[in-house]
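One structure is given here, and the rest of the page talks about it.
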Amino acid sequence: MKALLRALWHQRRARYGLALVLALCGLAALAPWLAPYDPVSQLDLARGQYLAPSALHPFGTDFFSRDLLSRVLYGARISLSIALLSVLLSVTVGTAVGMTAGLAGGAVDAILMRGVDAALAVPRVFLLLVVVALWDNVGVAGLIAVLGLTNWFDTSRIVRAEVLSLKHRTYVTAAQALGVGPRRLAVRHLLPNVAAPVIVTATLGIGQIILIEAGLSYLGVGVPPPTPSWGSIIQEGQQALAVAPWVATFPGIAIVITVVGFSLLGDGLRNALDPTTR
Amino acid sequence: MIVFLVATLTFVLLHVAPGDPFTRASAATLVPQEVIQQQRRNFGLDRPIYVQYGRYLANLVRGDFGYSFREHRPAAAAIAERIPNTLLLAAVALVIAFALGVFVGAVQATRRGSAADDLLSLLSLTLYSMPVFWLGVMLLLLFGVALDWFPVGGVVDDTVYPYLSPLGRLWDRLQHLFLPAVTLGAVGAAVTARYQRAAMLDVVGQDFVRTARAKGLRERAVFFKHALRNALLPVITLFGLSFPLLLSGSVLVETVFAWPGIGKLAVDAIHGRDYAVVTAVAIIAAIMVVVGNLLADLLYRVVDPRTREAQ
């Protein structure tokens, strides 16, 4: 763990990534104290619509006279927590499925992996659209579940491949010879060894999920209003592009910074964990 | 096979989801129960699940994707009308993505570690981390609203298009195509450039490139005939993999630019609760992905003689 952090710290880009991610998590956690206004309160519908950025409203205001800086800050809370929780879910499911397939082999493996192939063939957004269309008004918890449950396919493939390569190592055979059951074998002996690639995929996956969640919210099927979400703020901003271009601009910048942070951190982790590139 | 599995997946999703198209009507209680039961019978929703599944598959094979309640015509007809638009947009974006991406990635690899390489890496990382719809909105803001160089949406300008000369019509179409295609292509180009750069760096370190240099070949010939050609292989794999990404992106880009393709159709269908269209588009998208993978396999054979001999 210490060695990992050191390897991470020795890469300039990974340092930037880590700093960005930590800063964003801090901003999101402290949003209630940092935000100058309430993100959903309509401050002054008569005179406060589409105010340009100023000292009073650094990011300006939107159609409902809401303070955009506060909305973007609270949006970070929403986007990051959705991304973190859904990736946690997808990593858990993906690891479980991958381990099961890799350890069981045979028909179980074949069925699980063909299912994964099929799911991967459907462009993600279409799959999500089908699900979201069928269960209307999923809410934030539902969205986390849907994003998590449609995102574990890659992880399961990676874990399965790792398990297959580890399965016949001597230490695994030794453990089996000592009478270790399959469950204990998976958790105690295999899990620590598949953790590295899973962590890398998860970190890169957080960035991707933020993009997908923003996309769904932009399409109006993600986080329901008036909860501020970066994607839905951009959608609202597009309606007023000529009048108030700042509404669509700032949340997009926030997304780019966040995703760049997770990409840099993920790449750095991969380099740190992969002995060949060190 | 994949398409069959996808069809099964959507069928399962359809039936796991709460209620059927008529539950909403029963909740309203404006429609008498007998009518709802009659409608369920008409659409075969009262039959056992395996009968419904069999019929569903049989219908799909015949190209019947169900009935669009919103457009009052078969879903297949609505989709057929929109597919050319999506294919046009996707094809142009794909050309932009790979032409630009391969070029930029190769240039970066030849100037490894230079300021230009760093700058381009940063640019592609930023583009890669950018929501494609936001890029579209920003281009729209800059070129459509602020500068007014390009139209802000649609395929053609509906008011003047019928009166334009053939050349004028083509120009109008190109103008409308430009921003969406660049938006979708730019993100793809960023991904391709990252791959191409890595692949080139992988190849230029290998023995046959050194041999080519040692033979006294000019740098240009080494670059194009030896290095680039071999570095294209992983990029072709990416080509096959990029279809799902491209189609997902086109849903968003079509929505930004009001481009009447199947992505926009699917989004409109969701807001209109038109399930047949949503599921049909998902299945069509899966078919397009499968076709894309086949194309990638064929391209492999063109570029890599070894796969040809393996046949």
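Throughout, read-outs are computed from the coordinates displayed, never taken from laboratory work. The model shown is predicted, which means the values in this text are computed figures rather than measured ones. Because the Cβ atoms are built from the backbone with ideal geometry, glycine has one as well, and the counts that use them run over all protein chains shown.
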Shielding by partners, peptide B:134-141 (average Cβ within 10 angstrom, other chains): 6
Sequence-distant residues sharing a close amide H with B:Y67 (under 5 Å, placed H): B:A75
Alpha-carbon Rg with Dmax, taken over the stretch B:229-308, Å: 16.0, 51
Cα-Cα P(r), the stretch A:143-185, percent of pairs per 10 Å interval: 24, 34, 24, 15, 2
Pairs of alpha carbons in chain A whose separation is greater than 27 Å (percent): 49 percent
Paired Rg and Dmax values of the stretch A:133-235, which use every Cα atom, in angstrom: 19.3, 60
Kirkwood Rh, Cα atoms: Rg over Rh of the stretch B:169-296: 1.16
Approximate shape of the stretch A:179-278 as ellipsoid semi-axes (Cα gyration tensor, √5λ), whole Å, largest first: 40, 18, 7
Cβ charges +1 (Lys, Arg) and -1 (Asp, Glu), total dipole of chain A, debye: 1200 debye
Alpha carbon Rg of the stretch A:211-257, scaled by the compact-globule rule 2.2 N^0.38 Å: 1.03
Cα-projected label distance for B:L298 with A:A23, points at 7 Å along beta-carbon direction, nm: 4.9 nm
At most 13 other Cβ within 10 Å, DSSP loop - chymotrypsin sites (Phe, Trp or Tyr not before Pro), the stretch B:93-180: B:W149
Dipole magnitude of the stretch B:69-121, debye to nearest 20 (Cβ charges: Lys/Arg +1, Asp/Glu -1, about Cα centre): 100 debye
Cα-Cα separations in the stretch B:112-202 greater than 22 Å, expressed as whole percent: 44 percent
Per-q log10 I(q)/I(0), the stretch A:79-181, q = 0.13, 0.25 Å⁻¹ (Debye; single scatterer per alpha-carbon; no solvent): -0.56, -1.28
Compactness of the stretch B:54-177 as Cα Rg over 2.2 N^0.38 Å, two decimals: 1.52
Helical contribution to [θ] at 222 nm, DSSP H n ≥ 4, -39,500 (n - 2.57), averaged over chain A, rounded to 500: -23000 deg cm²/dmol
Net charge contributed by nearby residues that have their C-beta within less than 13 Å of A:G98 (K/R +1, D/E -1): 0
